[in-house]
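The values are calculated or read from the model by the stated rules, or taken from the named source; none is laboratory data. Quantities reported herein were computed from a predicted structural model and do not represent experimental measurements. So basically every Cβ, Gly included, is an ideal-geometry build from the backbone, and we count neighbours across all protein chains shown. Side chains included, ligands, DNA and RNA excluded: accessible areas come from the protein's heavy atoms. Shrake-Rupley method; radii C 1.70, N 1.55, O 1.52, S 1.80 Å.
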Amino acid sequence: MNRGVFALQQVARRTFCGSARRPVENQVPKNQKLFQEDNGIPVHLKGGTTDALLYRATMTLTVLGAAYVVYELLKAASPQKKA
């Protein structure tokens, strides 16, 4: 049992602390420049197409959800027909 735990620790250590590391470029200055640029675009859309799609999907789901809630409230408030 001890040998198996030791082997598992070695594998975990090898995958976590591998010697083949890619150099990571600092993206913060580029993103700061993009988001602080005064170009009339709202900050929640400055990320590009992905942000625009996520924004539109969120707004669509919000409007549809609100309409469904109003529909259900009106349906619950109306008198039921007696059978």
Query raised in the report: Can you tell me how many residues in segment 49-72 are open to solvent by less than 80 Å² (accessible area, probe 1.4 Å) and in contact with a Leu (Cβ under 9 Å, 6 or more places away or on another chain)?
Result: 2
Query - Search result, residues across segment 1-47 that are in a helix (DSSP H, G or I), at pLDDT 85 or above and basic (Lys, Arg) - result: LYS30, LYS33
